[in-house]
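Any read-out appearing in this document is the output of simple, stated calculations on the displayed coordinates, not a laboratory observation. Quick caveat, the model's predicted, so the values are computed rather than measured. As a convention, Cβ positions derive from the backbone with ideal geometry for all residues, glycine included, and neighbour counts pool all protein chains shown.
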């Protein structure tokens, strides 16, 4: 198969027991090393999530553990990040501007389970209630674009997931803010059509596992297949490596 010509260089979207994951930070690190990754990011759910959010008090604990593991495993670089949740209020994230310095970088995406994010409307839309779709699409799109411009976001995770979004202006904002657009192997977004739309801009892409169990660390084949079906220039996927 064509995807056997490629490998993933690094995985910057993984979860642990500090939020919704099943493995420890060290479990994720060991698996990443076994799969030949050069970098791994621990990106547990932002603290505003009512069900899966990490505790703000755990951030220093996580940093201490990552510092320990970076010394123990010099063949891989482990980063402390967070998957912030996009909302309509404040700086449009559940991670405050003054908290950004706690992390090596911040990634962000839209999820249910937070106040102030049109969650009920989007959940109902996803269940088939399409009334008011245009207005909801505009509100969702505006919310994401404001989050991109008001924060230094490294990766926009699974764009288009969990609600209606206008992908072209979001992709334009990602290109303008140097935010990578994620092709997730856990969520169906970006879809093939969304990749085609985003590719019309100068946006760059990244494949992520969004692993909630260590066994999925480094998973990339499904994302690569969608990118290839969309006709994306694979050099625009920053963590994809061609096997020599």
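Taking Cα pairs under 8 Å and at least six residues apart, what relative contact order does the chain come out at, in percent? Over the chain, the number comes to 21 percent. Extension gain for residue 244 to residue 71 (0.36 nm times residue separation, less C-alpha to C-alpha distance): 59.3 nm. As an exercise, use a Förster radius of 25 Å and the Cβ-Cβ distance of residue 34 and residue 175 to find the FRET efficiency, rounded to the nearest 0.05. With R0 = 25 Å, the Cβ-Cβ based efficiency is 0.10.
Translational diffusion coefficient of region 118-244 (Stokes-Einstein, Kirkwood radius from Cα pairs, 20 °C, 1.002 mPa s): 142 µm²/s. Over the chain, consider all pairs of different Cα atoms and compute the Kirkwood hydrodynamic radius from their mean reciprocal separation; express it in Å, one decimal. Roughly 18.0 Å, rounded to one decimal. Cα convex hull, region 50-122: 97 Å³ per residue, rounded to a whole number. Highest average first, the peptides 76-82, 4-10, 159-165 ordered by how many other beta carbon atoms sit within 10 Å of their residues are 159-165, 76-82, 4-10.
If you build the Cα gyration tensor of region 118-180 and take the root of 5 times each eigenvalue, what three semi-axes come out, in whole angstrom, biggest first?
Details: eigenvalues 105, 22, 17 Å².
One finds semi-axes of 23, 10, 9 Å for region 118-180.
The listed peptides 64-75, 38-49, 224-235, ordered by packing as a protection proxy, come out as 38-49, 224-235, 64-75 (highest mean of other Cβ atoms within 10 Å first).
Percentage of Cα-Cα pair distances in region 164-220 greater than 13 Å, rounded to whole percent? Summing the P(r) tail past 13 Å for region 164-220 gives 60 percent. Think of it as helices only: each DSSP H run of n ≥ 4 in the chain is worth -39500 (n - 2.57), and spread over all residues that comes to -9500 deg cm²/dmol at 222 nm. Along its three principal directions, the equivalent ellipsoid of region 13-68 from the Cα gyration tensor extends over semi-axes of 21, 12, 8 Å, largest first. Between residue 105 and residue 193, the FRET efficiency from the beta-carbon distance, with R0 = 30 Å, is close to 0.55.
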